[in-house]
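To keep things clear, I will list the structure first and then write my remarks on it.
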Amino acid sequence: MIQVPNTLRLKVGGGGRMGAIDPAAIAKAEAALKSLSGNFAQWLNDEIGKLEAARQTVRAEGMTAATMEALYLRSHDLKGLGTTYGFPLITRLAASLCRLIDDGDKRLEAPIHLVDAHIDAIKAAVRDDIKEEDHPVGRVLVQELEARVGEALA
């Protein structure tokens, strides 16, 4: 048996000691993120605008590989940014939409009414300032959409 040396450990902090990441650097990064948080609302609205534009392109040009790919990429962006922007509910709603249209081979078969329901839910969450997944309306909405996605993919 050949033992391969673990060079990754050396690259991220070496010698088995954890905590090689400087706590001051983490604090500085968190402070920088907090200073940008005033822009989050505008950035989130910009991302939702891009998602809506992708939906309008699907409506205008039909469900094609290109239009649905663009819609998928916009929803994937929101999946990654929702929590960062203070809306974990949007992350979960966008994740559900991504799951629905994730498979490029089956993307064109996605029920468009379910795609629309996800986008409308994302927009409503921002409009009504429903940020958390445990909000009574948000919880019911996301659970229902996730259940419908599960049925559609079954």
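Quick note: the coordinates plus some simple rules give every number you see, no bench work behind them. Note that this is a predicted model, so its numbers are computed, not measured.
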For the range 39-153, what class follows from the C-alpha gyration tensor (a ≥ b ≥ c being the square roots of its eigenvalues): rounded when a/c is under 1.5, otherwise prolate if a/b is larger than b/c, else oblate?
oblate
Is the shape of the range 114-154 best called rounded, prolate or oblate, per the rule: a/c under 1.5 gives rounded, else a/b larger than b/c gives prolate, else oblate, with a ≥ b ≥ c the square roots of the Cα gyration tensor eigenvalues?
oblate
Those aspartates and glutamates that a straight Cα-Cα span of less than 16 Å connects to LYS106, excepting residues fewer than 8 apart in one chain
GLU69, GLU151
With respect to the cross-link table entries LYS28/LYS131; LYS28/LYS50; LYS28/LYS79, which display a Cα-Cα separation exceeding 29 Å?
LYS28/LYS50
